[in-house]
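Here the structure is laid out as structure tokens; the discussion comes afterwards.
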Amino acid sequence: MFPATQRTCTRLALAVGAAAFLFSGAASAHPGHAAEGFSSGLTHPFGGLDHLLAMVAVGLWAMQQGGRAIYAVPGAFMIAMAAGFGLGLAGITLPFAETGILLSLLALGLAVALTLRPPLALALLASASFALCHGYAHALESGGAALAAYAAGMLLGTALLHGLGLLAARLANQGNLALLTRSAGAATAAIGLVLLVL
């Protein structure tokens with residue numbers, strides 16, 4: 001890789017990390033806002049840095065693994081997130097869900113940064129485990145209004161973020177810029193670590 005490209009990737013990772021640190025007070029998407037239906041569910045995954053980065057990282061990681069993982073890893077995330085949403089609505093307590101969300105940033109970011117390619121079953125288990133926490137948090141934030149429409153919007157928003165990650169990783173691969181994808185993973189992991197210790 002050309003030195004100029006390496007410098008660009010490094011600067012991007014540092015800029016993302018610095019922005020996350022400066023705005024970490026607003027990073028959590030979980031102050032509790034009422035659902036207004038489909039549009040609220042659709043935009044909610046974009047409204048918190050923790051949700052947004054984790055869902056993009058799922059797409060990045062899936063593309064790095066290739067093959068069936070491209071569809072299976074994001075699919076497992078969405079199914080498990082819907083299950084976590086159901087748990088939250090049912091009033092079932094999911095201990096340490098907030099910590100699980102932040103750990104998802106750290107773990108998924110590291111998986112992307114290190115280009116980990118575990119057996120597909122393990123990748124699916126990791127994706128689904130973190131998704132339960134995200135779905136559970138979404139349920140607690142739903143406010144109890146227009147739940148079916150909210151859930152549909154939430155799943156579509158999640159799919160869009162997964163798709164963004166998949167597309168970004170694919171474009172990076174085509175441009176021989178795999179380091180850019182790994183740098184994004186490293187920045188995501190760094191943000192997760194910062195939020196965990198704050």
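The value obtained for the range 35-197, namely the Cα convex hull volume divided by the number of residues, is 94 Å³ per residue. Residue by residue, the range 147-163 carries 3J(HN,Hα) couplings of 5, 4, 5, 4, 4, 4, x, 4, 5, 5, x, 5, 4, 5, 5, 4, x Hz when phi is fed to the Karplus relation 6.51 cos²θ - 1.76 cosθ + 1.60 (θ = phi - 60°); x denotes Gly or Pro. Between Gln174 and Ile79, the distance separating the two model label sites (each 7 Å from Cα on the Cα→Cβ line) works out to 3.0 nm. Suppose R0 equals 45 Å. What FRET efficiency, 1/(1 + (r/R0)^6) with r the Cβ-Cβ distance, do Ala148 and Leu198 give to the nearest 0.05? E(calc), rounded to 0.05, equals 0.80. Model label points for Leu156 and Tyr71, set 7 angstrom from Cα along the Cα-to-Cβ axis, are 2.2 nm apart.
Rounded to the nearest Hz, the phi-derived 3J(HN,Hα) couplings of the range 181-188 under the Karplus curve 6.51 cos²θ - 1.76 cosθ + 1.60 (θ = phi - 60°) are 4, 5, 5, 5, x, 4, 5, 4, where x marks glycine and proline.
Our coupling estimate for the range 95-106, obtained by passing each phi through the Karplus curve with A = 6.51, B = -1.76, C = 1.60 and θ = phi - 60°, is x, 6, 4, 5, 5, x, 5, 5, 5, 5, 5, 5 Hz, Gly and Pro reported as x.
The charge dipole of the range 35-197, taken about its Cα centre with unit charges on the Cβ of Lys, Arg, Asp and Glu (plus for the first two, minus for the last two), comes to roughly 540 debye.
No lab work stands behind these numbers, since they all come straight from the coordinates. Not measured: the values here are computed from a predicted model. Neighbour counts run over all protein chains shown; Cβ positions are idealised from the backbone, glycine included.
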